[in-house]
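Below is one structure; the comments refer to it alone.
The values are calculated or read from the model by the stated rules, or taken from the named source; none is laboratory data. Computed from a predicted structure; not experimentally measured. Here the Cβ positions follow ideal geometry from the backbone for every residue, glycine too, while neighbour counts run over all protein chains shown.
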Amino acid sequence: MAATAAALTPLELHPAFPLLPQRAALLLQWPASMDRVRELVHSLRNSRRRHVQLMAAKQLTQLLQAQPVFSTAPGEQPQLADPGVHWDFLAAGGMQAALHLLCRVEQVGKVTAANLMYAACVVPEAATQLAADGGVQPLVQLLECTAADGASGIRRAALCTLALAAEQCDTVQDAAVAAGCVPLLVAILQEPNDSDHVANAAAVLSALVLRPGVHTEVLLTSGAAAALVRHVPDESCVCEISLTALSRLTGEPSPLRSEAVAAVAAAGGIPAAVQCLNGPSSALNWPSSEELAWTVPQLAAGLLANMAEVCPQLAADIQAAGAVPRLEWMLRNSTHRDERGWAATALANIRKAAAAAAADSGAAAQAAGPAAAALPRMCAAPGCGNTRGLRRCGGCHTVLYCSAGCSKAHWRQHKPECRRLQAEAVAGAAAAGAKQGSSAAGDR
């Protein structure tokens, strides 16, 4: 095969000549050198023949997508084994050429240009370049295309590119929000019978909440929380993506975190999340394999844990929706470690909220309930749930952790509580000492 590829002349590989399927297969094995990429980018940018530009864009997309991809750990973004071709593409001005093509060609050409941008944005540098070149706004404008316009493929390509680029680059997130993409995404989520577009729109919204509190206000005022809850539960991938977005929206510390939780609860997020938990009474049997980085029950348990932590008054609604029996079943029977961990975290937060409500009402034993009282001691790190080898925090001597790693991971959330508990302990010791001193003086 190598000898055959070497026998091809540069003229035969020039983008001005249509490629047979066999020759296209050979092209994928051709050494993707800087000269080859420059040649294609030059044709994309300078050719006066539209079919030559489109052929160059398609061949560049094939070259970029042919690079081997690996993932370092479950749940992480796929990474390239050798991103050299992508860097050559950027150095040759490929992103600017693709954007120029996107803004000039008709509908079919726009799909080709957007697919090229998507293939390039696997590397964060390409997403950064896309934002720097002003490519986000044209992509957002394509979201207004509808199936009635005969441009469904254009919107799909634009959504995929925006979702990938926004996951890679904060600047893309800011530019997309500034271009007014959030109301368009919410409108897409409300369209019936279009799961492909809905999944991609949910993925873009999920990327926009990566940074805590930055775009939360825009998302809440646009009704994004209610639009996402609408697709929970759903037996398609839309459910997982929507739960991921909702977990990010309610899980990251931000000034509007309580407002986000309230919006999700008002939209019916609690019963929807409970339906996504596995258990003896589950109507749907969600996959729960250790090979999955994230599972639907895990994300649902995490969402309920966030809601019970941020708004303890919602714990009663969570219990009334039947979450506790399913969470206990997951804690005992799930084969997925993170599912067990988040089930334990959710139960712990529900127990804590119920105990606080009971203390406020003066009926601790009755309000806590047997389910909450029966919970074992466990690691306080969210998603851990380990019950063995627990040690107390060295500061407050109250909260339990199973390892130094869990303690470090939870420190950002635990720090205010730790300082408060230490201050209360010091104040209590001082009060006890003063009382003892006064008693001793009275005895004398």
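Per-structure values
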{"read-out": "Selection from region 43-65 of residues that are of a type in the set (Gly, Ala, Ser) and buried (at least 20 other Cβ atoms within 10 Å of the Cβ)", "value": "Ser43, Ala56, Ala57"}
{"read-out": "Candidates Ala119, Ala163, Ala132, filtered to the one that is more than 30 Å from Glu39 (Cβ to Cβ) and modelled with pLDDT of 90 or more", "value": "Ala163"}
{"read-out": "Index of the failed condition, Val182 passing every other in (1) within 30 Å of Ile154 (Cα to Cα); (2) modelled with pLDDT under 80", "value": "(2)"}
{"read-out": "Filtered residue count, region 319-361, keeping only those that are touching a Lys or Arg at 6+ places or on another chain (Cβ under 9 Å) and of a type in the set (A, V, I, L, M)", "value": "3"}
{"read-out": "Helices (runs of 4 or more DSSP H) completely within region 329-444 that count 3 or more residues being modelled with pLDDT under 85 and closer than 22 Å to Asp317 by Cβ", "value": "337-361, 364-373"}
{"read-out": "Residue in region 257-272 that is touching a Lys or Arg at 6+ places or on another chain (Cβ under 8 Å), crowded, with 24+ Cβ neighbours inside 10 Å and in a helix (DSSP H, G or I) present", "value": "no"}
{"read-out": "Matching residues, region 12-67, being modelled with pLDDT of 50 or more, over 20 Å from Asp88 (Cβ atoms) and not hydrophobic (A, V, I, L, M, F, W, C)", "value": "Arg48, Arg49, Arg50, His51"}
{"read-out": "Residues of region 74-109 classified as closer than 26 Å to Ser152 by Cβ and at pLDDT 90 or above, total", "value": "7"}
{"read-out": "Hits in region 109-146 (condition: among the β-branched types (Val, Ile, Thr), more than 16 Å from Gly93 (Cβ to Cβ) and in contact (Cβ under 8 Å) with a residue 12 or more places away in the chain)", "value": "Val111, Thr112, Val122, Val136, Val140"}
